[in-house]
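S.K.: Just dropping this structure here.
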Amino acid sequence: MITNLTVNIGKLKLENPVMVCSGTFGYAGEFKDFLPLKKLGAIVTKTITLNPRQGNFPPRTCETPAGMLNSIGLENPGLAGFLNEKLPILKKIGVPVIVSVASEGGIAEFVKAVSELNDFKEVAAIELNISCPNIESPVTSHLSPVTGRQSPVACRRLPVFKNRRLISQDPQATYQLVKQVRKATKKTLITKLSPNVTDISEIALAAENAGSDAVSLINTLMGMSIDTKTMKPKVAAVIAGLSGPAIRPVAVRMVWEVYQKIKLPIIGMGGIIDTSSALEFFLAGSTAIGVGTANFIDPAATISILQGIKSYLRKNRINNIAKLIGGLKV
Amino acid sequence: MFQVKAKIIQNKQVKKNFFHLLVDAPEIAGKALPGQFLNIKVSDNLEPLLRRPLGVHRVSKNNIAMLYEVVGNGTQILSQRKAGEYLDIIGPLGNGFDYQSPVTCHLSPVLVAGGMGVAPLLFLADFLAHSKSFKSLVFIGAKTKSQLTCVQEFRELGCKVKIATDDGSMGFKGRVSDLLTHFLQATGDRRQATIFSCGPRPMLKAVSEISRKFKIPAQISLEEHMSCGIGACMGCVVQTTSGYKRICKEGPVFHADEIVWEREK
Ligand SMILES: Cc1cc2nc3c(=O)[nH]c(=O)nc-3n(C[C@H](O)[C@H](O)[C@H](O)COP(=O)(O)OP(=O)(O)OC[C@H]3O[C@@H](n4cnc5c(N)ncnc54)[C@H](O)[C@@H]3O)c2cc1C
Ligand SMILES: Cc1cc2nc3c(=O)[nH]c(=O)nc-3n(C[C@H](O)[C@H](O)[C@H](O)COP(=O)(O)O)c2cc1C
């Protein structure tokens, strides 16, 4: 039996639905010794911004029960650095390259970065990261004036964000942004959503209405961890993003909610570490999946998961991955 | 870089909380250089989730030895692993010590270890002794006599060992960096010496200051919490004169004058 693993995300046709999550796979070259990169369905880059970013003050990560917190702060070489140093390497791998983009300067900067990527045909798609909890978001600054108790950490020389409101926490802001970017590019647009919301399906709908080709979810959940010995936060930025198996049930639930609300393909992610966790995401409605934190534990996790999906389909006599998508029996 | 399932040959308690781990990993053993490290999955389940970085302590043909202290959950679980079991290990990782520079050295290479910092420095001393016939001068600092380790191993390599303990139970009473300062003050010709150091952060900071004061180049091995260990996640950075650098990739060994210590607590 031949199993069909190909899936479509907007204009993009993937040989298989196993991708990597932005920020957990660098620019792919870091992993070349550990797996045949050309077997991946697609590669999503670390999020880039128009200008280089040096990222947040360390310590930037810590381990938590079945997960980890990170506040990298989008350290990246900037668009030009990416195009010169990273894209040529990515291009050679021969699988679709999805470039994750964020902005430090509002909608205009998003549009500028995306427009510049238009010229590169090796950029297969763009993922709009409007859900990073680890940078100050200028787009939403009008939404949340700083009020209430002044945190004592504000006195320290650490980066403490005045504004942690994300674009993807507001349906209107999401709609506006995606709409503007949509006008600027014909490339496949994926909007990456935050789980730090009351109703994620509402945000997904805003992205769909604004012309996004797909949504990816979830980005990290905001969390915090304290070292009781030193009474200090384990991550310098105090609040950080939680990822790994700990967040999986939340992610699966959100994929299911979004699947019922919109028609766009969903790229599901959050705590996938093995075949069965990947399958949960397809059954909940994902067209493709992203492997994130698992890459740190086993750099070849994607390949084992891909193999596992193939065997599962074969064993259950399913000849097309499409038949699995949203197959949850309720 | 390799990812291997390495068989544990021995995982032996050598002191109260110190363990000596020997694994069979020919690929890694064939490539590992002093100052490089391995990233080890200590369990086969989610507890703990992430790998644990350990320096390469010794290398023989097919085997790699590590020396580690049990400090928390991960190292505790590792200490329970038995000979015959397998560990998923990635390595060799990072940039080790640049031992090309002391080739013209008149004064012996100076190795400065604090606590578990002896682990990678023994491999360096071994390497310098065998490939370059250098007998290193080794300064070891520990809290107390019972926590001193590897003294004999260094001596067997022909190294001269100087000891400092916080409580004075053996050798100089005080910090190893102070012992180093005293030594350098008393030594006339310090030109072309190089310091190689590994240990707790405050000690490395002190060594860096000594390096600047006495104009002796120093290479220091830093630690930071790591997630991937292969340069992908940007988690384990240190502030340098040319921006943040990844300890797992550009490091763990850095030139002391590259590190920006201002924001250190
Ligand atoms: C390049 C490098 C080489 C090292 N070599 C050695 C060695 O040869 N011998 C040795 O005993 N120790 C070494 N360490 C330190 C060792 O990695 C930590 O002691 C160990 O990770 C602690 O894990 P744990 O679960 O027992 O402790 P916990 O404190 O419970 O760990 C919690 C988390 O913090 C991380 N962590 C805690 N302390 C450190 C630390 N000092 N450095 C990095 N991460 C830390 C852990 O990896 C884990 O993710 C090295 C660290 C680095 C970065
Ligand atoms: C260290 C680290 C860095 C990340 N960086 C980014 C990033 O730059 N852009 C982004 O959209 N998501 C980033 N993420 C979030 C992941 O892409 C993913 O959405 C999230 O981790 C959930 O998946 P997981 O549980 O499989 O890791 C990062 C996650 C981690 C752990």
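S.K.: What helices does chain A have that are whole DSSP H segments, at least 15 Å long along their own axis by Cα, and with mean Kyte-Doolittle hydropathy of -0.5 or more? The partial results should precede the final answer.
M.R.: On the way: long enough: A:106-118 (19 Å, 0.58); A:171-184 (20 Å, -0.76); A:248-261 (20 Å, -0.23); A:301-315 (21 Å, 0.21).
The qualifying helices are A:106-118, A:248-261, A:301-315.
S.K.: Stick to Cα atoms and the Kirkwood definition of Rh, then tell me Rg/Rh for chain A.
M.R.: Details: Rg = 18.9 Å, Rh = 19.9 Å.
With Rh from the inverse mean 1/r over Cα pairs, Rg/Rh is 0.95.
S.K.: Taking every Cα atom in the range A:1-126, find the radius of gyration and the maximum pairwise distance Dmax, and write them in Å.
M.R.: Looking at the range A:1-126, its Cα Rg and Dmax stand at 15.7, 53 Å.
S.K.: Using DSSP to define loop residues, name the trypsin sites (Lys or Arg not before Pro) in the range B:1-93 whose beta-carbon has at most 11 other beta-carbon atoms within 10 Å.
M.R.: Working: sites: B:Lys5, B:Lys7, B:Lys12, B:Lys15, B:Lys16, B:Lys31, B:Lys41, B:Arg51, B:Arg58, B:Lys61, B:Arg81, B:Lys82; in loops: B:Lys15, B:Lys16, B:Arg51, B:Lys61, B:Arg81, B:Lys82.
For trypsin sites (Lys or Arg not before Pro) across the range B:1-93 that sit outside H, G, I, E and B with at most 11 neighbouring Cβ atoms in 10 Å, the list reads B:Lys16, B:Lys61, B:Lys82.
S.K.: If one takes the accessible area of chain B alone plus chain A alone and subtracts that of the pair, with a 1.4 Å probe, what total in Å², rounded to the nearest 100, results? It would help to have the intermediate numbers written out before the result.
M.R.: Working: alone 12650 and 14660 Å², together 24560 Å².
Rounded to the nearest hundred, the buried surface is 2700 Å².
S.K.: Have a look at A:Pro77, A:Pro88, A:Pro133 and tell me which one the Gaussian network model of chain A (Cα, springs below 10 Å) gives the largest fluctuation.
M.R.: Answer for the Gaussian network model of chain A: A:Pro88.
S.K.: Related question: Over chain B, with every protein chain in place, what whole percent of the accessible area is carbon and sulfur at 1.4 Å, could you tell me?
M.R.: On the way: 5740 of 11270 Å².
That share works out to 51 percent.
S.K.: Same structure, new question: Would you grab the residues whose amide H sits under 5 Å from the one on A:Gly223? Only those 5+ places off in sequence or on another chain, please, with H modelled 1.01 Å from N.
M.R.: Distant-sequence amide H within range of A:Gly223: A:Ala240, A:Gly241, A:Leu242.
S.K.: Cβ under 13 Å from B:Phe154's Cβ, B:Phe154 left aside: what net charge do those residues give with Lys, Arg +1 and Asp, Glu -1? Write out the running numbers ahead of the final one.
M.R.: Details: positive: B:Arg58, B:Lys135, B:Arg155, B:Lys160, B:Lys162; negative: B:Asp126, B:Glu153, B:Glu156.
Taking every Cβ under 13 Å from that of B:Phe154, the sum is +2.
S.K.: Okay, next question. Taking the range B:207-250, which trypsin sites (Lys or Arg not before Pro) meet the DSSP loop condition and have no more than 16 other C-beta atoms within 10 Å? Walk me through the numbers before you get to the answer.
M.R.: Numbers: sites: B:Arg212, B:Lys213, B:Lys215, B:Lys245, B:Arg246, B:Lys249; in loops: B:Lys215, B:Lys249.
Those that pass, being in a loop and sparsely packed, are B:Lys215.
S.K.: On a C-alpha basis, how far is the centre of the range A:76-98 from the centre of the range B:105-154 in Å? Whole number, if you could?
M.R.: 43 Å
S.K.: Using every alpha carbon pair in chain B, what percent of pairs falls into each 10 Å bin from 0 up to the bin containing the largest distance?
M.R.: Going from the shortest bin to the longest, the percentages are 7, 31, 38, 21, 4, 0.
S.K.: What share of the DSSP beta bridges in the protein assembly as shown is antiparallel, in percent to the nearest 5? The partial results should precede the final answer.
M.R.: Numbers: 53 of 102 bridges.
That works out to approximately 50 percent antiparallel.
S.K.: What's the angle, to the nearest 10 degrees (0 to 90), between helix B:201-213's Cα axis and the longest principal axis of chain B?
M.R.: Once rounded, the angle reads 30 degrees.
S.K.: Further question: Roughly how many whole Å is it from the C-alpha centroid of the range A:1-74 to that of the range A:239-316?
M.R.: The distance from the Cα centre of the range A:1-74 to that of the range A:239-316 comes to 13 Å.
S.K.: Further question: Please work out the ratio of the alpha-carbon Rg of the range B:212-265 to 2.2 N^0.38 Å and round it to two decimals. Show your work: numbers first, answer last.
M.R.: Working: Rg = 11.6 Å, N = 54, 2.2 N^0.38 = 10.0 Å.
Output field value: 1.16.
S.K.: Assign one of three labels to the range A:189-330, namely rounded, prolate or oblate, based on the Cα gyration tensor with a ≥ b ≥ c the square roots of its eigenvalues; rounded applies when a/c is under 1.5, prolate when it is not and a/b is larger than b/c, and oblate otherwise.
M.R.: Taking the square roots of the gyration eigenvalues as a ≥ b ≥ c, the range A:189-330 is oblate.
S.K.: Something else about it: Could you size up the charge dipole of the protein assembly as shown around its Cα centre, putting +1 on the beta carbon of Lys and Arg and -1 on that of Asp and Glu, and report it in debye to the nearest 20? All intermediate terms of the calculation are to be shown ahead of the outcome.
M.R.: Numbers: 72 positive and 46 negative charges, 62 e Å.
It comes to approximately 300 debye.
S.K.: Identify the trypsin sites (Lys or Arg not before Pro) of the range A:1-81 meeting these criteria: DSSP loop state and at most 14 other C-beta atoms within 10 Å of the C-beta. Walk me through the numbers before you get to the answer.
M.R.: Numbers: sites: A:Lys11, A:Lys13, A:Lys32, A:Lys38, A:Lys39, A:Lys46, A:Arg53, A:Arg60; in loops: A:Lys11, A:Lys32, A:Lys46, A:Arg60.
For trypsin sites (Lys or Arg not before Pro) across the range A:1-81 that sit outside H, G, I, E and B with at most 14 neighbouring Cβ atoms in 10 Å, the list reads A:Lys11, A:Lys32.
S.K.: How many percent of all Cα-Cα pairs in the protein assembly as shown sit more than 46 Å apart?
M.R.: Values: 36033 of 176715 pairs.
Cα-Cα pairs in the protein assembly as shown separated by more than 46 Å: 20 percent.
S.K.: Restricting to chain A, what percent of DSSP beta bridges are antiparallel, rounded to 5?
M.R.: Values: 16 of 43 bridges.
Here the share of antiparallel DSSP bridges comes out near 35 percent.
S.K.: In addition: How would B:His57, B:His225, B:His130, B:His255 rank on accessible area, largest to smallest, probe 1.4 Å?
M.R.: Working: B:His57 5, B:His225 110, B:His130 140, B:His255 85 Å².
Largest accessible area first, the residues go B:His130, B:His225, B:His255, B:His57.
S.K.: Can you tell me what share of the DSSP beta bridges in the range A:174-281 is antiparallel? A percent to the nearest 5 is fine. Please report the intermediate quantities before stating the final value.
M.R.: Numbers: 5 of 11 bridges.
Just about 45 percent of them are antiparallel.
S.K.: Okay, moving on. Looking at the square roots a ≥ b ≥ c of the eigenvalues of the Cα gyration tensor of the range B:166-263, which shape do they give, rounded for a/c under 1.5, prolate if a/b is larger than b/c, or oblate?
M.R.: Numbers: a/c = 2.71, a/b = 1.72, b/c = 1.58.
Here the range B:166-263 falls in the prolate category.
S.K.: For the range B:123-229, rounded, prolate or oblate, judged on the Cα gyration tensor with a ≥ b ≥ c (square roots of eigenvalues), a/c < 1.5 rounded, else prolate if a/b > b/c? Walk me through the intermediate numbers first.
M.R.: Working: a/c = 1.06, a/b = 1.02, b/c = 1.04.
Judged from the Cα gyration tensor, the range B:123-229 comes out rounded (a/c under 1.5).
S.K.: Something else now. Below 13 angstrom from the Cβ of A:Val181, what's the summed charge of the other residues (Lys, Arg +1; Asp, Glu -1)? Intermediate values should be presented prior to the final figure.
M.R.: Details: positive: A:Lys112, A:Lys179, A:Arg182, A:Lys183, A:Lys186, A:Lys187, A:Lys192; negative: A:Glu109, A:Glu116, A:Glu127, A:Asp213.
Once positives and negatives cancel, what remains is +3.
S.K.: List the aspartates and glutamates whose Cα sits under 16 Å from the Cα of B:Lys249, skipping any in the same chain fewer than 8 residues away.
M.R.: A:Glu30, A:Asp33, A:Glu75, B:Asp98, B:Glu223, B:Glu224, B:Glu258
S.K.: On average, how many beta carbons from a partner chain sit within 10 Å of the beta carbon of a residue in A:28-34?
M.R.: 4
S.K.: Kindly flag which residue pairs out of A:Lys46/A:Lys187; A:Lys38/A:Lys315; B:Lys173/B:Lys205; B:Lys41/B:Lys245; B:Lys5/B:Lys135; B:Lys31/B:Lys215 have an alpha-carbon separation exceeding 27 Å in this structure.
M.R.: Details: A:Lys46/A:Lys187 18 Å; A:Lys38/A:Lys315 25 Å; B:Lys173/B:Lys205 20 Å; B:Lys41/B:Lys245 24 Å; B:Lys5/B:Lys135 35 Å; B:Lys31/B:Lys215 33 Å.
In this structure, B:Lys5/B:Lys135; B:Lys31/B:Lys215 lie more than 27 Å apart at Cα.
S.K.: At 222 nm, what helix-only mean residue ellipticity would the protein assembly as shown give, in deg cm²/dmol to the nearest 500, using -39500 (n - 2.57) for each DSSP H run of four or more?
M.R.: Values: 15 runs with 149 residues, N = 595.
So the helix-based figure for the protein assembly as shown works out to -7500 deg cm²/dmol.
S.K.: Enter the mean number of other protein chain beta carbons within 10 Å of the beta carbon of each residue in A:115-121, as an integer. Kindly include the intermediate steps, with their values, before the conclusion.
M.R.: Details: counts 0, 0, 0, 0, 0, 0, 0.
Mean inter-chain Cβ contacts per residue within 10 Å come to 0.
S.K.: Here's another thing I want to ask about it. Partner chain Cβ atoms within 10 Å, averaged over the residues of B:229-242 - can you pull that number for me?
M.R.: Working: counts 2, 8, 5, 14, 16, 14, 13, 4, 9, 1, 3, 0, 0, 0.
So the per-residue partner count for this stretch is 6.
S.K.: Could you give the angle, 0 to 90 degrees to the nearest 10, between helix B:118-132's Cα long axis and the longest principal axis of the Cα atoms of chain B?
M.R.: Relative to chain B, helix B:118-132 is tipped by roughly 70 degrees.
The values are calculated or read from the model by the stated rules, or taken from the named source; none is laboratory data. A quick note: this is a predicted structure, and the numbers were derived from the prediction, not measured. Neighbour counts run over all protein chains shown; Cβ positions are idealised from the backbone, glycine included. The protein model used for the area step is the full one, side chains on, heavy atoms only, and it has no ligands, DNA or RNA in it. Shrake-Rupley method; radii C 1.70, N 1.55, O 1.52, S 1.80 Å.
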